[in-house]
Amino acid sequence: MEEASPYSLLDICLNFLTTHLEKFCSERQDGTLCLQEPGVFPQEVADRLLQTMAFHGLLNDGTVGIFRGNQMRLKRACIRKAKISAVAFRKAFCHHKLVELDATGVNADITITDIISGLGSNKWIQQNLQCLVLNSLTLSLEDPYERCFSRLSGLRALSITNVLFYNEDLAEVASLPRLESLDISNTSITDITALLACKDRLKSLTMHHLKCLKMTTTQILDVVRELKHLNHLDISDDKQFTSDIALRLLEQKDILPNLVSLDVSGRKHVTDKAVEAFIQQRPSMQFVGLLATDAGYSEFLTGEGHLKVSGEANETQIAEALKRYSERAFFVREALFHLFSLTHVMEKTKPEILKLVVTGMRNHPMNLPVQLAASACVFNLTKQDLAAGMPVRLLADVTHLLLKAMEHFPNHQQLQKNCLLSLCSDRILQDVPFNRFEAAKLVMQWLCNHEDQNMQRMAVAIISILAAKNNIAEVQELHSELMWKDFIDHISSLLHSVEVEVSYFAAGIIAHLISRGEQAWTLSRSQRNSLLDDLHSAILKWPTPECEMVAYRSFNPFFPLLGCFTTPGVQLWAVWAMQHVCSKNPSRYCSMLIEEGGLQHLYNIKEHEQTDPHVQQIAVAILDSLEKHIVRHGRPPPCKKQPQARLN
């Protein structure tokens, strides 16, 4: 899969260009941008640049200025969710030789009539624009408005879903001389009889959730029966209506002879028997949509063979549903609900399934049911060892979307819990690139507002790994702020906690504060000496933890502690911590310790005549582990020379 490979050079360049437009552009007098370099972009690269800018939400009246003139030669333009005016659209895009335009979800400042008027001003586009997507737009701000679809005489495919689009508009569209594919889902159409005007050329018809339709089932079927050239028909619904249209259609033997794809997802009264009979009468069928119906459970409809099935009976059907319905929130939620049940027992890494979940999350960021179901599936797909087999790029996308979900729904406790469960992963927190500052901020906000102890423990674990410093006492600038008696007394009490994790982190603070020397200790000397004794004795009482209770990105903060021969308690904490992580995760930490020069520090402890016996014993054990690691991985040990001073 694509995410298993590094980003292509083109992707890297386009992402850099889109996020640093100010470096490559100058500003015109009207405030719009233009590229400083005079070169001409190849058409494919220009299309990809526009698509990348749309993906990152960067299209506005200013930025689309770079598509004016002839430097960019667009052919397939994607301006999804752009925030542009009608004037900016016309200047930036209507002089190009466009064959495709996807304007899904552009802001309300520009209407469908504005877009078609602009496109219609270019005679080449009038005759050659083949595919137009105008989903989730406003048709016109004027009433009555001028009908203008007839200008686009070359149009072959039109998608105009989630729009106040009426019977009169359908009649105009149906008269387009080359129209072959039409999607009128969730529009205001009450009568589809106008489709008879294009019955000899229409090959694909999607009518998902036509909530305003006032025709009887018989009347609908009478129209559909005339559409003899249809290859694809979608009459799916969001389970809101009890119409028997699907069952009645499936019972017809003399209808749609050329059909290869039928979608009845969400419809009532659909049975395996009826679906099988319909398909067997049409052996060329390649797809049937059965999600949110009572069908899809027979051997004939598994979806494993030539016939693809979107449904909920097995993983293959669910994957097909997520793939086909990524833009339909209800169906995405329905598919994710059934996927969650399957992933409870998943033992094999499934990056292709996770990618489909990611697409659903990205397409519906503000839909709580989708985000709730998706975040639960993400946890099941990435928990424990499953994350190790996932591509880093894919996990980066997942992590970004989990953080967005936490940001969008801060007060929904179950969603926050799902996201924290997924984020609490060594693989994600240590190996995956994402905005760690934003993540830490979101987790801290959650920690301050909730009292669920199990979740608090996870949040603390996440913060501990995300933090640039694992220990506040490592920050030299904070040292004086920590030198107050009440704080030290509290940390001292935590040192004696029966919870090893609590005692361990308290000991780390004490060890770092004492390591700075007597001159930096501004409280009583007797308290310092008492803390040293308590530190030493507490560490010796710690049992060996069963699991890795802490994670580090570097051993550099430990090295100054290893040189504190006059305060063996400080050394003891450092070597205990190093042995803990090296024994629990040797492949990661033994390599890290060797690469950062830790061998020489440990040899110094082993050979120093003043070394405390307990410290020496642990240091020798670590050295033994490191030497075995070197032999196993064929890496020669570094020479034994005196360590150079280094800054943390």
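Values in this text are rule-based calculations from the coordinates and carry no lab data. Keep in mind that this is a model prediction, so the values were computed, not measured. No Cβ is skipped: glycine too gets one built from the backbone with ideal geometry, and neighbour counts run over all protein chains shown.
If you look for lysine pairs in the stretch 481-633 that are eight or more places apart or on different chains, how many of them have Cα atoms under 26 Å apart? Walk me through the intermediate numbers first.
Working: LYS485/LYS541; LYS541/LYS584; LYS541/LYS606; LYS584/LYS606; LYS584/LYS628; LYS606/LYS628.
For the stretch 481-633, the number of qualifying lysine pairs is 6.
If I histogram all Cα-Cα distances within the stretch 347-418 using bins 5 Å wide from 0, what percent of pairs lands in each bin?
Cα pair-distance distribution for the stretch 347-418, in percent: 3, 18, 32, 25, 15, 7, 1.
Which angle between 0 and 90 degrees, to the nearest 10, do you get for helix 9-19 versus the longest principal axis of the chain when only C-alpha atoms count?
The angle comes out at about 90 degrees.
Given Cα pairs under 8 Å that are at least 6 residues apart, what percent is the relative contact order of the chain? Show your work: numbers first, answer last.
Values: 1062 pairs, mean separation 30.4, N = 648.
Computed value for the chain: 5 percent relative contact order.
Using Cα atoms only, what is the angle between the long axis of helix 613-633 and the major principal axis of the chain, expressed in degrees (0 to 90) to the nearest 10?
Once rounded, one gets 40 degrees.
Say the cut-off is 20 Å between C-alpha atoms; which of LYS348/LYS383; LYS214/LYS239; LYS228/LYS308; LYS83/LYS355; LYS404/LYS441 go over it? Don't jump to the answer; show the numbers that get you there.
Working: LYS348/LYS383 11 Å; LYS214/LYS239 17 Å; LYS228/LYS308 22 Å; LYS83/LYS355 28 Å; LYS404/LYS441 12 Å.
Flagged as over cut-off: LYS228/LYS308; LYS83/LYS355.
Given that just one value was derived from the coordinates, which of (1) 15, 37, 28, 16, 3; (2) 16, 42, 28, 12, 1; (3) 12, 16, 15, 13, 13, 11, 9, 7, 4, 1, 0 is P(r) over Cα pairs in 20 Å bins from 0, in percent?
(1)
What angle do you read, to the nearest 10 degrees and between 0 and 90, between the alpha-carbon axis of helix 315-324 and the longest principal axis of the chain?
Orientation of helix 315-324: about 70 degrees from the principal axis.
Looking only at GluC sites (Glu not before Pro) in DSSP loops with at most 14 other Cβ atoms within 10 Å, what is the longest site-free stretch of the chain? Provide the component values of the computation, followed by the final result.
On the way: sites that count: GLU142, GLU146, GLU251, GLU304, GLU347, GLU451, GLU499, GLU546, GLU548, GLU609.
It works out to 1-141.
Which of the trypsin sites (Lys or Arg not before Pro) across the stretch 223-259 are loop residues per DSSP, with 12 or fewer other Cβ within 10 Å?
Details: sites: ARG225, LYS228, LYS239, ARG248, LYS253; in loops: LYS228, LYS239, LYS253.
Here the trypsin sites (Lys or Arg not before Pro) that fit, given the DSSP loop and packing criteria, are LYS253.
Quote to one decimal, in nm, the extra length available between ARG362 and ARG73 on full extension: 0.36 nm per residue of separation minus the C-alpha distance between them.
101.1 nm
With each run of n ≥ 4 DSSP H residues scored as -39500 (n - 2.57), what mean residue ellipticity at 222 nm is computed for the chain after dividing by its residue count and rounding to the nearest 500 deg cm²/dmol?
Counting only the DSSP helices, I get -14500 deg cm²/dmol.
In what sequence do MET1, MET458 fall when counting other Cβ within 10 Å, fewest first?
In order of increasing Cβ crowding within 10 Å: MET1, MET458.
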